[in-house]
Each structure stands twice: as structure tokens, then as C-alpha cells.
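One structure below.
The values are calculated or read from the model by the stated rules, or taken from the named source; none is laboratory data. On a predicted model such as this, the values are computed, not experimentally measured, just so you know. Here the Cβ is made from the backbone with ideal geometry for all residues, glycine too, and neighbour counts use every protein chain on show. Quick note on the areas: whole protein, heavy atoms, side chains included, nothing else; ligands and nucleic acids left out. Shrake-Rupley method; radii C 1.70, N 1.55, O 1.52, S 1.80 Å.
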Amino acid sequence: QFSGLLTAVASLYLVILVYKNAIDKYLRQRFVLYYLSLFIWSLSLFICTSIYNYQLSYFFCQLTHVGAIMIPVFFLHFTYAYLNKMSSKERLILRILYGTAIFFLIAAIFFRGYFFVQIFVFLLRSKQ
């Protein structure tokens, strides 16, 4: 449980440190977005597993999805920016990944009951 809290505190510290001291604005923005998504994910995970209120725990469990969906996309974007590799191929890859991430964010926020439950039921039925 406390690893989530430790990760959240470390992520927030790095966000503040880099935001205040980084020279390259574009690289700083990519780093901050990446670590803010890590912060959201880890803090939500800590709260979700630490509280005993079912509704509140479920809310933070869903919030972990928001952070987790964006982590890989923001990390790849930061990596491309850090390596100074932003050719048309990399831009296309990022557009596809951002589009996919936005699709899953919308599904996780607005259609979580219908979308994920229906897929789960379909997978269970197909195994029988």
C-alpha cells in the first residue's frame, strides 16, 4: 500500500523540481505530463487500497485508469523529445497513440459499466 504513496510523493517532488529548474520548455512540459500521470496513478492506487468506503474506493480505482492510460503515451512523447527525434514517422506514431489513449479515457470515464462489463461477459462466454 505504501509503495503507491511513496511513488506519488517522489513523482510530485520530481515534477516540482523539474518544473522549476528545467531550461528547455518543451522537454519540461513532456516530463511534467509524464510524471503527473504517474502521480495520479500512484496516489489513486494508494487511496483506493487504503480506505474502507466502497464507493470512494471504487472512484479512486477508476481514477487509477486515467493515470495508467496516459503513462505510456506521455513517456514515449518525453523520450522522443529528449532524444530530439520528432520526424514525421514519430509524429504519426504519437498521433495514433494519443488517439488510442483518448479512446480508452472516454471509455473508462463514460462507458466503464457498459464497455468493460460487456467485453468481460463476452470473454467469459467464449471460454465455455
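Selection of the stretch 61-79 for residues being in contact (Cβ under 8 Å) with a residue 40 or more places away in the chain and more than 23 Å from L5 (Cα to Cα) yields H77, F78. The residues listed here are L45, L27; of these, the one that is farther than 23 Å from F104 by Cβ and touching a residue at least 24 places away in the same chain (Cβ under 8 Å) is L27.
Being touching a Ser or Thr at 6+ places or on another chain (Cβ under 6 Å) and surrounded by 15 or more Cβ atoms within 10 Å (Cβ to Cβ) is the filter; apply it to the stretch 1-10 and report the residue that is farthest from F74 (Cα to Cα).
Step one: of the stretch 1-10, the residues touching a Ser or Thr at 6+ places or on another chain (Cβ under 6 Å) are 1, 4, 7-8.
Remaining after also requiring surrounded by 15 or more Cβ atoms within 10 Å (Cβ to Cβ): 4, 7-8.
Numbers: G4: 19, T7: 17, A8: 17 Å.
Across the stretch 1-10, the extreme among qualifying residues is G4.
Just to be sure before I move on: is S50 without any contact (Cβ under 8 Å) to a residue 24 or more places away in the chain, more than 24 Å from L105 (Cβ to Cβ) and either open to solvent by less than 50 Å² (accessible area, probe 1.4 Å) or of a type in the set (S, T, N, Q) (or both) in the structure I sent? Taking the combined requirement at face value, the residue does not satisfy it.
Filtered by the rule that a residue be aliphatic (A, V, I, L, M) and under 18 Å from the mean Cα position of the chain (by Cα), the stretch 48-66 gives L63, V66.
A Cβ distance below 8 Å, combined with a sequence gap of six or more or placement on separate chains, defines the contacts here; from the stretch 84-108, residues that are farther than 24 Å from F60 by Cα reach residues that are in a helix (DSSP H, G or I) and among the β-branched types (V, I, T) in the pairs L94/V73; L97/V73.
Within the stretch 18-47, how many residues are open to solvent by 70 Å² or more (accessible area, probe 1.4 Å) and in a helix (DSSP H, G or I)? Give the steps one after another, and end with the answer.
Here is the first cut: in the stretch 18-47, the ones open to solvent by 70 Å² or more (accessible area, probe 1.4 Å) are 19-21, 23-26, 29, 41.
From the residues that got through so far, the ones that are in a helix (DSSP H, G or I) too are 19-21, 25-26, 29, 41.
Residues in the stretch 18-47 being open to solvent by 70 Å² or more (accessible area, probe 1.4 Å) and in a helix (DSSP H, G or I): 7 in total.
Which ones in the stretch 51-94 are assigned to a loop (DSSP other than H, G, I, E, B) and either of a type in the set (G, A, S) or under 14 Å from I40 (Cα atoms) (or both)?
Restricting attention to the stretch 51-94, the residues satisfying the condition of being assigned to a loop (DSSP other than H, G, I, E, B) are 51-53, 83-87.
Result: S87, single match.
For the stretch 67-92, filtered to residues that are within 25 Å of F39 (Cβ to Cβ) and loosely packed, with under 15 Cβ neighbours inside 10 Å, the residue that is nearest to the chain's Cα centre (by Cα) is P72.
Take the conditions closer than 21 Å to G4 by Cα and touching a residue at least 24 places away in the same chain (Cβ under 8 Å) and apply them to Y35. Does it pass? Yes.
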